[in-house]
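Single-structure report; data block below.
The values are calculated or read from the model by the stated rules, or taken from the named source; none is laboratory data. Because the structure is predicted, anything quoted here is derived from the model rather than measured. Methodologically, a virtual Cβ is constructed for each residue, glycine included, from the backbone with ideal geometry; neighbour enumeration extends over all protein chains shown. What goes into the accessible areas is simple: the full protein's heavy atoms, side chains included, and nothing from ligands, DNA or RNA. Shrake-Rupley method; radii C 1.70, N 1.55, O 1.52, S 1.80 Å.
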Amino acid sequence: MGLWLSGMRTTADRLNDNTPRTINYTPITANTATNTGTEAVALTTPSITFRTGRAYRITFKGLAQSSVANDQLTVRVHKTNTAGDIYVDSFRIVVPTVNGNTPFYLANICANTSGADVSAVLVGTYLRLSGTGNALLAATTSHVCYIEVEDIGDAADFAGARPIT
């Protein structure tokens, strides 16, 4: 995490900027509509401000389901809409049983080094990549599907992080 230079004072702001903290948590508690091959939005966050010089952990958690065994889905987190930059990508999730829930928990480190704050909504999406079933993201009040964004520190501490633009 970021360090203080000799002579710098410890302040609440400096301490807070070096402590991971959730800045957004957006859940859904009901199943999404079914999907048969077009990327669809499962949930949308409110507008989030990604401060310049900061790194963020973006997490997408939920249950993938399909009406046909061995269908394959992908889930992603995009900036703004399904055509926006991809910040989290599952590649392929295989649903091995008919209407069975396959858990996923995905996270990626992204950083804003653009020189300006970036404000945007994030969308969690899902898509049946292969197979013939009706795919969906399953959720209930006790098994929520969610996107969480955490500020995890200085962008300089996470070389190679996915750029937020």
**Request:** Name every residue in region 97-121 that is part of a loop (DSSP other than H, G, I, E, B), surrounded by 14 or more Cβ atoms within 10 Å (Cβ to Cβ) and in contact (Cβ under 8 Å) with a residue 60 or more places away in the chain, in order of residue number.
**Result:** Thr113, Ser114, Val121
**Item:** Residues being out of contact with any Gly (no Cβ under 9 Å at 6 or more places or on another chain) and more than 11 Å from Leu137 (Cβ to Cβ) - total across region 86-98
**Value:** 9
**Residue, nearest to the chain's Cα centre (by Cα), within region 122-143, restricted to residues that are buried (at least 17 other Cβ atoms within 10 Å of the Cβ) and either in a loop (DSSP other than H, G, I, E, B) or of a type in the set (D, E, K, R) (or both)** = Ala139
**Asked** Being of a type in the set (Asp, Glu), under 30 Å from Ser67 (Cα atoms) and either free of Cβ contacts under 8 Å to residues at least 12 places away in the same chain or part of a strand (DSSP E or B) (or both), is that true of even one residue in region 149-165?
**Response** no
**Request:** Please note which strands (runs of 3 or more DSSP E) are completely contained in region 5-94 and include at least 2 residues that are at pLDDT 95 or above and over 24 Å from Ala116 (Cβ atoms).
**Result:** 21-28, 40-44, 54-66, 71-79
**Asked** Only one residue in Val94, Val75 is farther than 12 Å from Val149 by Cα and open to solvent by less than 10 Å² (accessible area, probe 1.4 Å), so which one is that?
**Response** Val75
